[in-house]
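Since the structure comes first, as structure tokens, the remarks are kept for the end.
The values are calculated or read from the model by the stated rules, or taken from the named source; none is laboratory data. Note that this is a predicted model, so its numbers are computed, not measured. Don't worry about glycine lacking a Cβ; one is built from the backbone with ideal geometry, like all the others, and counts go over all protein chains shown. Areas reflect the complete protein model, heavy atoms only, side chains present, ligands, DNA and RNA absent. Shrake-Rupley method; radii C 1.70, N 1.55, O 1.52, S 1.80 Å.
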Amino acid sequence: MRLPPSALDRPVWLHVGTLVDGTGAAPMRDAHVVYDQASIRFVGIGGRTPPAELVRPGQDHPDFAAPDCTLLPGLTEAHAHLFLAGGELDLSKRAAYLKQSPAELLAAAKLRLKALVCLGVIGVRDAGDKDGVGLALSKLCSDPDRTLMPYVESPGAAIFHQGRYGGFMADALENYPSPRACVEARVAAGADRIKLIPTGIINFKVGAVITEPQMTTAEVAQLVAAAKSLGRQTFAHASGDKGIDRAVEGGVDSIEHGFFLRDDQLARLRDLQTAWVPTLPRSRNSSITPT
């Protein structure tokens, strides 16, 4: 992401009502912050203003004052499918959207990244697609210019079993001679991590995952071992306690969604230092769009 032109050749002085520095410290009030393209040069709390040598010669007031606003570190979106239009709930429109070309899907995703930056998100952990959208964005954002966003990573196509849930964002394990060959293909395509889909999704009519998991514990373990040998972490779309058990015992680095996790499974995640990235509804009445 390009710095504002003003920050490239001089320091910028901000005055905000509240500052959250991300360290866990209590919010700080009436804060003055000076930064330039290299670093944060000054933080003053309680109305304390910067010394003259840290701002422009003769400058006696902030470049921008927002006494009703809060300044905080950039946010990270930990699980997003950038190729999807998540706000659309009409199933026919969603299906039509997915029939667009990869170039059209990428163009829409670029607009989403720009919107996210405006909301304070500076990094995205994309969760995969089969059309190379996330991989293209990851490559664009690794460029030193970073014109879209400072950081995006993507697994490319997720790994699933043919005929099971996930075909709209994944490439089947059956298309490769072995689990290792499948992982090698993902890495060769540029995957930052390896995404697995070892379970199905919730049946919302009964409020449970009623299908058998897609992958055995042994299959998950083979994919995880291949990924680790190639320097890649794994993350697993997993819901339903039976499928979650297989993903955890298979050694994945993180569980995504994790609907119906049991307390003992949470304890197991803690003991193994396996991450959980939950999906939570916004409110009791909000719709959950499973991915």
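Rolling a 1.4 Å probe across all protein chains gives D9 an accessible area of roughly 120 Å².
For the chain, the Kirkwood estimate of the hydrodynamic radius, built from every pair of different alpha carbons, is 21.4 Å. For the Cα atoms of the chain, what angle does the longest principal axis make with the long axis of helix 133-142, in degrees from 0 to 90, nearest 10? With rounding to tens, the tilt is 30 degrees.
At the residue level, L230 shows approximately 50 square angstrom of accessible surface with a 1.4 angstrom probe and all protein chains present. Rounded to the nearest 500, the 222 nm mean residue ellipticity of the chain from helices alone is -8500 deg cm²/dmol, with -39,500 (n - 2.57) taken per DSSP H run of at least 4 residues. The charge dipole of the chain, taken about the Cα centre with unit charges on the Cβ atoms of Lys, Arg (+1) and Asp, Glu (-1), comes to about 340 debye, rounded to the nearest 20.
Taking 0.36 nm per residue of separation and subtracting the Cα-Cα distance, full extension of the segment from S178 to C69 would add 33.9 nm.
Amide H contacts under 5 Å for W276: I255, restricted to partners 5 or more places along the chain or on a different chain, H placed in the peptide plane at 1.01 Å from N. Relative contact order for the chain: 11 percent, from Cα pairs under 8 Å spaced at least 6 residues apart, divided by residue count. Positive end of the dipole of the range 52-198 (Cβ unit charges, origin at the Cα centre): among S154, P67, S101, the Cα lying farthest that way belongs to S101.
Legend: distances between Cα atoms for K110/K139; K99/K130; K93/K139; pairs beyond 18 Å are K93/K139. Taking 0.36 nm per residue of sequence separation and removing the Cα-Cα distance, the A225/D263 pair yields an extension gain of 11.0 nm.
Helix 179-189 axis versus longest C-alpha principal axis of the chain: approximately 30°, rounded to the nearest ten. Remark on L196: its backbone amide H falls under 5 Å from those of I159, F235, A236, H237, a criterion applied only to residues 5 or more positions apart or on other chains, H modelled at 1.01 Å from N. Between the helical axis of 102-118 and the longest alpha-carbon principal axis of the chain there is an angle of about 40 degrees. Say R0 is 22 Å: what FRET efficiency, to the nearest 0.05, do T18 and L89 get from their beta-carbon distance? Plugging the Cβ-Cβ distance into 1/(1 + (r/R0)^6) gives 0.05.
The residues of the range 173-262 have, on average, 41 Å² of accessible surface per residue, using a 1.4 Å probe with all protein chains present.
Annotation: per residue accessible area for the range 1-128 equals 59 Å², rounded to a whole number [probe 1.4 Å, protein chains only].
The share of accessible area on the range 209-254 that comes from carbon and sulfur is 50 percent, using a 1.4 angstrom probe.
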